[in-house]
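To start, the structure itself, in structure tokens.
The values are calculated or read from the model by the stated rules, or taken from the named source; none is laboratory data. Keep in mind the model is a prediction, meaning the values are calculated, not measured. Neighbour counts are summed over all protein chains in view; Cβ atoms, including those assigned to glycine, are modelled from backbone coordinates with ideal geometry. With ligands, DNA and RNA removed, areas are computed over all heavy atoms of the protein, side chains included. Shrake-Rupley method; radii C 1.70, N 1.55, O 1.52, S 1.80 Å.
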Amino acid sequence: MRERLTSLAAILFATTAITSVANAQASYPCVNDAPNPYHQVPWAASPRALGPVNSVFVDVRDDVWVADRCGTPVDGPEGCAGSGLPTVRKFDPSGKTLWSFRPGELVSPHGIAVDQDGNVWVADFQANKAGNKGMQVIGFAPDGTVLRRIGKPGQPGPGNDAFNQPTGVAMANGYLAIIEGHGSKLNKSRVNLYTRTGDFVRSFASHGTGDGQLTEPHAIAVDSRDRIYVADRTGNRINVYEKDGKFLTSWKQFGRPSGVTVDKNDIIYVADSQSNNMNNPGCKMGIRVGSVKDGKVTAYIPPPPGVTNELPPPEGIAVDSKGTIYAAAVQMKTIIKYAK
């Protein structure tokens, strides 16, 4: 009898958790007036300045991992891979480089994550002109050794063995959750689960504007219960899924999301670098903070000084154990740091 009651309690708890997510309805208006408890603090990459960057991640030691585009033209024949500069860099909280590796490996990095063993995973979303690099997710050991290459190098494709511009990677209880579909050139926009040895497990979502579909998956995050949050940028929404692919809800209150991360306390941070009166009326660019438990926005950080149409605000976003935010701005070629 006790076992039965325990099972019923577990089912009720799980149902309540799912319902609490589903009740955070997409009908919430975009929040532009929440309090801003953050202030900008100095941070500058040294000794080499950053190139265009939106790949940023903070590990369990509060070190900041960045994969930038090296300062070379993104549309050059080899992209970052032709620069001769190390692409993956680890910084201390002040911006001092602690470690860097793998020059010539990545063409145009777009998303980065570090797993519990310290391995670094990078989504390289563009191909070089020769078509033999990029369009992959690559895993590196902490010393920079290549552990795994997932996807066909330089070759987009519709199947499970090739990516259509992979943009982000996150850890989901031992699995790699990888999104693809930047620009949606193949009408292939979806979430993929792989083992860390590179074996395909499943995919879900499809290209479109319906419930659970994706038009431009641009960033991905996972919460403490392995629910998956996808920044569907041109859809002006965060889509929420169970790890098995079940669609839960869409949130539009966080704006037009370019970047998303969820911290250990299930606080969600979303970077909006594109909202305006044409593509997301009634919403402003900036960073929004809230809880995944109810989807409510509790803080709004306006764009930093110097933002223009040519120099939009940050896309990538990461947070450390103290709640300090690191926001990566592609065209501004910098990381902007915010502390409470």
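Overview of values
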read-out: Residue-by-residue Karplus 3J(HN,Hα) for the stretch 62-67, coefficients 6.51, -1.76, 1.60, Hz, glycine and proline x; value: 6, 7, 9, 9, 9, 10
read-out: Approximate spin-label separation Lys246-Asp211, in nm, with each point projected 7 Å along Cα-to-Cβ; value: 1.4
read-out: 222 nm mean residue ellipticity, helices alone, for the chain (DSSP H n ≥ 4; -39,500 (n - 2.57); rounded to 500); value: -2000 deg cm²/dmol
read-out: Calculated mean projected area of the Cα convex hull in nm² (choose from [x] 17.0; [y] 18.4; [z] 16.1), label; value: [x]
read-out: Residue (of Ile268, Ala45, Ala123) at the positive-pole extreme of the chain, dipole from beta-carbon charges; value: Ile268
read-out: Gain upon complete extension [Asn173, Glu310; 0.36 nm per residue less C-alpha separation]; value: 45.4 nm
read-out: Relative contact order (%) - the chain, alpha-carbon pairs under 8 angstrom, separation at least six; value: 16
read-out: Value of relative contact order over the stretch 28-125, rounded to a whole percent, pairs C-alpha under 8 Å and six or more apart; value: 24
read-out: Listed peptides 114-123, 190-199 by packing density, highest first (mean Cβ within 10 Å); value: 114-123, 190-199
read-out: Between the stretch 211-280 and the stretch 95-140, the Cα center-to-center distance that results, in Å; value: 23
read-out: Placed amide H near Glu315: partners under 5 Å, 5+ positions off or other chain; value: Ala328, Ala329, Val330
read-out: Dipole magnitude of the stretch 80-184 about its Cα centre (Cβ charges: Lys, Arg +1; Asp, Glu -1), debye to nearest 20; value: 280
read-out: Area of Arg102 that stays accessible when all protein chains are in place (1.4 Å probe, Å², to 10); value: 80
read-out: Amide hydrogen neighbours beyond the local backbone of Arg148, cut-off 5 Å, H modeled; value: Gly139
read-out: For the stretch 227-287: rounded, prolate or oblate by the Cα gyration tensor [a/c cutoff 1.5]; value: oblate
read-out: Solvent-accessible area, 1.4 Å probe, carbon plus sulfur percent, for the chain; value: 53
read-out: Efficiency of FRET between Asp92 and Asn279 - r from beta-carbon atoms, R0 30 angstrom, step 0.05; value: 0.20
read-out: Under 5 Å, built H, 5+ apart or other chain: amide partners of Arg237; value: Asp232
read-out: Å² per residue, accessible surface of the chain at 1.4 Å; value: 42
read-out: Packing rank of 204-213, 50-59, where each peptide gets the mean count of other beta carbons within 10 Å, highest leading; value: 50-59, 204-213
